[in-house]
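Structure record follows, encoded as structure tokens.
The values are calculated or read from the model by the stated rules, or taken from the named source; none is laboratory data. A quick note: this is a predicted structure, and the numbers were derived from the prediction, not measured. Because the Cβ atoms are built from the backbone with ideal geometry, glycine has one as well, and the counts that use them run over all protein chains shown. Heads up: the accessible areas ignore ligands, DNA and RNA and are worked out on the full protein's heavy atoms, side chains in. Shrake-Rupley method; radii C 1.70, N 1.55, O 1.52, S 1.80 Å.
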Amino acid sequence: MSITHEQATWFSQTFEKLADNIEKAVLGKRHVVRLALTCLLTEGHLLLEDYPGTGKTQLARALANTVQGSNARIQFTPDLLPSDVTGVTVYDQHKGAFEFHPGPIFHTIVLADEINRASPKTQSALLEVMEEGRVTVDGTTHAVGRPFMVIATQNPIEQAGTYRLPEAQLDRFLMKTSVGYPDHDSTVRLLLDSQVRDRAGTIEPIITAATVAQMSQLADGVHVDAAIVGYISRLAEESRRHPQVKLGLSARGCLAYVRVAKTWALADGRDHLVPDDVKDLAGPVLGHRLLLDAEAQFNGVTVEQVISQLLEDVAPPTERVA
């Protein structure tokens with residue numbers, strides 16, 4: 001499927017309208033908003049590693065309201081059970097039959113707050129739904145519907161009583177980023193509007209769920225030149241050979257890289273990928289997929305430094321890619 005110029009323009013304009021709408025609730029965070037939208041339209045999930053009070057819940061709710069969807073927030077705690085997330089089958093005495101009561105995962109946008117506080121079993125239940133798009137309870141499968149996106153959060157400061165997400169589970173998140181504190185101007189605007197207690201609640205829908213699916217399908221048709229694929233493959237190979245990296249970019253990570261870059265390019269109004277798309281998304285796509293060895297961590301080396309070095313060492317395609 002080839003994308004016409006009109007379709008690319010429509011996608012880009014719609015994408016910017018969505019971002020404008022969400023930014024009414026999440027002030028001064030255009031880049032994060034664009035990443036979250038890209039994640040949704042790529043049918044992936046987002047991991048936010050951030051401090052409390054930076055607007056993660058506002059982002060999730062504003063995103064859901066913008067696409068005319070529902071949202072739920074699950075506070076992960078050590079005693080949270082898998083059934084508290086997915087739902088449970090209950091016997092109805094009046095009907096004389098078992099009835100499924102869906103859990104909070106059955107929403108368009110689900111905020112999994114402090115996911116690393118839940119037990120590995122509960123984490124696995126959530127990640128299974130993320131991967132499969134459905135839950136199986138007592139032998140019966142229930143689809144969560146589309147669009148469906150999990151925004152999971154981790155607190156980088158408070159690590160007591162937490163369960164670290166294994167690398168195989170981290171890999172299932174399409175991207176990782178952080179909202180961060182607002183800049184001075186955004187903070188002033190926020191404080192001047194202190195009477196507005198729920199900014200996300202004022203967000204009106206821009207598109208429907210059907211349009212989200214249409215945009216996702218359109219992004220799949222973005223052209224990827226062999227040179228770009230080779231560039232991503234070389235980045236992955238170098239990440240695995242890097243002396244300070246214990247675990248590099250997997251094949252699944254490469255597929256995620258290509259898919260998210262397609263949506264990113266189309267949001268820019270292009271029907272094809274360019275090397276800058278790969279560079280722009282290196283941090284969000286690679287940041288949680290590269291595991292440094294113990295010596296590198298001890299010496300204070302960061303994943304961001306390794307990613308920068310990879311981008312310097314691996315030369316991008318020089319000819320025009322179209």
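Here is how the numbers come out for the structure above:
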read-out	value
Cα-based equivalent ellipsoid of segment 230-291: semi-axis lengths in Å, sorted from largest, via gyration tensor	23, 10, 9
Fraction of accessible area attributable to carbon and sulfur, the chain (%, probe 1.4 Å)	51 percent
Trypsin sites (Lys or Arg not before Pro) lying in DSSP loop within segment 4-107, provided at most 13 other Cβ fall within 10 Å	Lys95
Net charge of neighbours whose Cβ lies under 15 Å from the Cβ of Arg61, counting Lys and Arg as +1 and Asp and Glu as -1	+2
For Gly103, residues with placed amide H under 5 Å, excluding near neighbours	Gly87, Val88
Among Val67, Val179, Val301, residue whose mean-square fluctuation peaks in a GNM of the chain (springs only between Cα atoms under 10 Å)	Val301
Percent of alpha-carbon pairs separated by more than 16 Å within segment 1-109	69 percent
Cα-based Lys proximity count in the chain, under 18 Å, for pairs eight or more positions apart or on separate chains	8
Amide H contacts under 5 Å for Gln68, placed H, 5+ residues apart	Ile206, Ile207
Residue among Thr77, Thr89, Thr122 with the largest mean-square fluctuation in a Gaussian network model of the chain, springs linking Cα atoms under 10 Å	Thr89
Protection proxy ranking of 214-222, 146-154 - average other beta-carbon atoms within 10 Å, highest first	146-154, 214-222
Whole-number accessible area per residue in Å² for segment 56-117, which is evaluated in the context of all protein chains at 1.4 Å	45 Å²
Calculated from backbone phi, Karplus (6.51, -1.76, 1.60) coupling profile of segment 88-97 in Hz, x at Gly/Pro	8, 8, 10, 7, 9, 5, 5, 8, x, 8
Computed [θ] at 222 nm, deg cm²/dmol, the chain (DSSP H ≥ 4; -39,500 (n - 2.57); rounded to nearest 500)	-13500 deg cm²/dmol
Top of Ile207, Ile105, Ile22 by mean-square fluctuation, Gaussian network on the chain, Cα under 10 Å	Ile207
